[in-house]
Amino acid sequence: MRFRSEVDLCDKVIASRFFQGMDNSYVVSTLLKEPKGFFGIPDLVVAGLKRGNSGEEQLNIIAFELKLSNWKRALAQAFKYRMFADASYVLLDHSNLKSALGNRILFTRSGIGLLSIDTLGRVYRHITANDGPPFSPDFRHAMEEIVCEKLNRGKI
């Protein structure tokens with residue numbers, strides 16, 4: 001079965017065990033839906049604080065672009081999100097995955113991950129995103145301010 005809309009897809013993603021499990025890997029985390037003011041508007045951003053080896057808090061930001069089927073547009077958008085994110089993923093309706101998987105080299109070369117979700121809420125990881133520093137310190141700083149405000153914290 002297919003999703004009827006991107007809203008249905010997004011609701012299922014947020015409720016999935018995959019996204020609920022992301023919370024467990026952070027000291028504190030937040031989920032942002034369509035944060036404005038960036039180089040594109042990601043559908044979802046998960047931001048969380050992890051404790052480093054020496055006890056300092058480190059912010060990790062992962063951006064997600066959700067699409068029913070248009071993987072090419074999603075890939076271009078997800079690449080833009082690396083301006084502020086440590087990692088970026090395209091998340092597609094699992095029933096529309098075949099074409100994207102046939103072009104997995106484009107995801108791999110760009111460092112963008114590929115996930116899919118079925119209507120039962122099962123998330124599949126097909127390509128893991130490359131983690132690394134964001135491309136733009138200015139965009140990263142702007143996103144950190146939004147995250148800190150949402151987490152009711154000063155600075156990270």
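The values are calculated or read from the model by the stated rules, or taken from the named source; none is laboratory data. Just so it is clear, the model here is predicted, and its values are computed rather than measured. All Cβ positions, glycine included, derive from the backbone under ideal geometry; neighbour counts span all protein chains shown.
Some notes on this structure:
- The one condition in (1) closer than 25 Å to Phe3 by Cα; (2) surrounded by 16 or more Cβ atoms within 10 Å (Cβ to Cβ) that Ile61 fails to fulfil: (1)
- Of note, Val90 does not satisfy the criterion of being touching a residue at least 24 places away in the same chain (Cβ under 8 Å), in contact with a helix residue (DSSP H, G or I) (Cβ under 9 Å, 6 or more places away or on another chain), among the hydrophobic types (A, V, I, L, M, F, W, C) and closer than 16 Å to Met143 by Cα.
- Looking only at residues of the stretch 31-58 that are under 14 Å from the mean Cα position of the chain (by Cα) and aliphatic (A, V, I, L, M), we find that the one that is farthest from Leu9 (Cα to Cα) is Ala47.
- Boolean, Ile117 is over 17 Å from Glu144 (Cβ atoms), among the hydrophobic types (A, V, I, L, M, F, W, C) and under 13 Å from the mean Cα position of the chain (by Cα): no
- Count of the stretch 42-73 residues, restricted to those that are closer than 16 Å to Val27 by Cβ and part of a strand (DSSP E or B), is 12.
- Selection within the stretch 27-79: residues that are among the polar types (S, T, N, Q) and closer than 29 Å to Gly102 by Cα. The member of this set that is modelled with the lowest pLDDT is Ser69.
- Count - residues of the stretch 93-139 that are of a type outside the set (A, V, I, L, M), in a helix (DSSP H, G or I) and in contact (Cβ under 8 Å) with a residue 24 or more places away in the chain: 7
- Only one of Arg2, Arg82 that is assigned to a loop (DSSP other than H, G, I, E, B), at pLDDT 90 or above and over 20 Å from Lys150 (Cα atoms): Arg2
- For the stretch 143-151, the criterion of being modelled with pLDDT under 95, assigned to a loop (DSSP other than H, G, I, E, B) and not charged (D, E, K, R) is satisfied by at least one residue.
- When Asn24 is tested against (1) modelled with pLDDT of 90 or more; (2) assigned to a helix (DSSP H, G or I); (3) surrounded by fewer than 16 Cβ atoms within 10 Å (Cβ to Cβ), exactly one condition is not met: (1).
- Those residues of the stretch 17-57 which are of a type outside the set (D, E, K, R) and without any contact (Cβ under 8 Å) to a residue 12 or more places away in the chain, in sequence order: Gln20, Gly21, Asn24, Ile41, Gly52, Asn53, Ser54, Gly55
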